[in-house]
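The values are calculated or read from the model by the stated rules, or taken from the named source; none is laboratory data. If you're wondering where the values come from, they're calculated on a predicted model, not measured in any experiment. Reconstructed Cβ throughout: ideal geometry from the backbone, glycine too, with neighbour counts over all protein chains shown. In case anyone asks, the SASA skips ligands and DNA or RNA and just uses the protein heavy atoms, side chains included. Shrake-Rupley method; radii C 1.70, N 1.55, O 1.52, S 1.80 Å.
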Amino acid sequence: MLSYSDCYHIIEKNLKALSFERHPEELYEPVRYTLSVGGKRIRPVLSLMAHALFNDDLDPVIMPAIGLEVFHNFTLLHDDIMDNASMRRNSPTVHVKWGQSTAILSGDAMLILAYQLIAKTDKKVLHEVLSVFNQTAMEVCEGQQLDMNYEKVSTLCVDDYLTMIRLKTAVLIAASLAIGGITSYAGDENINTLYQLGLNLGMAFQLQDDYLDVFANNRDFGKSVGGDILANKKTFLLTSALNVSNTDAKSELLKWMSKEYFDPEQKIRAVKQIYEDLNIPEMTRQRITEYHTKASDNLFTLKVSPDKKSELISFFNKIMSREH
Ligand code: IPE
Ligand code: IPE
Ligand code: MG
Ligand code: MG
Ligand code: MG
């Protein structure tokens, strides 16, 4: 059976094989940098694992899986501009290293590259793969716009937050699993279950990303801890804290959110303290567990022999216990 590490190596090998023997160098160097600087590769690994549940020959899933990873990396280039993030995977972000215009254009080139790779999918399933991918790519843009809209509001209901993360993050994880089901001819019912499973896993994944953005250790995380606090991002933590009925905590949070000039370390420390006082870390962990359990239930209902599911189960657990 295929483990995470087997899949990871297959993905790395195929990413390395992409050649960018084109000019100008200024456009392609950031693309090579982005694809070679690390990353967990969870989306293409999920495609490979989903495919392997139904078909041992991995060939048909490789190109769409690589396309999904390139698409994900494209979103990160633009996301880091939008979030004003200077670090990713323990390295400087593209817009910091080469400037914003380069990050926009190299990101655009990666989106096109993603389509070129997905277009190499076997013709018999290409139409279905593309239709899932197109809808997903559009929804990611919608989620990213909501994420920016919500930076400017002072309160948000948890349901609106959940819709936003479903769009910006969960749908791509869902599509990665569903596409593995499509390339392996798993059948409509299983493909649907894989998609639902991916949505639940993706929700847990973004909730955990929000949690780690506050509580991770800087070096393990690879991104600047506290970045979401500085940008007033409506993470699950901030959304929940603003919705609790403690008026003192709420006005203290609103005060920090409205400050134009502040010491970044001081703001991070103060907001983190408010989260702890309100028991927000525990609430977040509970939500993560809730979605993780739903994803495991979906996996249980997938119509394939139980012994085939063990690698996916251990991969879920690995994702859930991650530090970055
Ligand atoms: C980061 O995704 C963006 C989110 C949806 C939270 P990953 O945590 O999968 O990033 P890499 O690819 O492993 O760096
Ligand atoms: C990521 O959300 C969503 C997309 C990149 C589409 P975040 O902004 O939380 O991701 P990180 O934390 O920068 O990786
Ligand atoms: Mg973002
Ligand atoms: Mg970001
Ligand atoms: Mg984040």
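See the values below:
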quantity	calculated
For the range 190-324, convex hull of alpha carbons as volume per residue, Å³	111 Å³
Tensor-based shape of the range 136-251 (alpha-carbon gyration tensor, a/c under 1.5 rounded, otherwise prolate or oblate)	prolate
Amide hydrogen neighbours beyond the local backbone of residue 184, cut-off 5 Å, H modeled	none
Long-range amide H partners of residue 224 with built H, under 5 Å	86, 87
Efficiency of FRET between residue 260 and residue 219 - r from beta-carbon atoms, R0 30 angstrom, step 0.05	0.50
Accessible surface, the range 119-268, averaged per residue in Å² (probe 1.4 Å)	43 Å²
Cα centroid of the range 27-98 to Cα centroid of the range 105-151, whole Å	12 Å
Size of electric dipole in the chain: Cβ of Lys, Arg +1 and of Asp, Glu -1, about Cα centre, debye, nearest 20	260 debye
Using a Förster distance of 25 Å, the FRET efficiency for residue 1-residue 185 (Cβ separation, nearest 0.05)	0.85
Karplus-derived HN-Hα couplings along the range 221-229 (A = 6.51, B = -1.76, C = 1.60, θ = phi - 60°), whole Hz, x at Gly and Pro	5, x, 10, 6, 5, x, x, 5, 5
Of the trypsin sites (Lys or Arg not before Pro) in the range 77-182, those whose Cβ has at most 10 other Cβ within 10 Å and which sit in DSSP loop	152
Protein accessible area in the range 88-177, 1.4 Å probe - carbon and sulfur %	55 percent
Cα pair distances exceeding 38 angstrom across the chain, given as percent	15 percent
Ellipticity estimate at 222 nm from DSSP helix runs (n ≥ 4, -39,500 (n - 2.57)) divided over the chain, nearest 500	-24000 deg cm²/dmol
Extension gain, residue 279 back to residue 231 (0.36 nm per residue minus Cα-Cα distance, nm)	15.1 nm
Efficiency of FRET from Cβ geometry, residue 324 and residue 300, R₀ 25 Å, rounded to 0.05	0.30
Whole-percent carbon and sulfur share, accessible surface of the range 233-308, 1.4 Å	51 percent
Span-rule helices in the chain, defined as complete DSSP H runs reaching 30 Å or more along the axis (Cα) with Kyte mean at least -1.0	59-82, 123-151, 188-215, 280-301
Mean shadow area of the range 283-324, taken as a quarter of the surface of its Cα convex hull (nm²)	3.1 nm²
Accessible area of the range 271-324 divided out per residue, in Å², using a probe of 1.4 angstrom	56 Å²
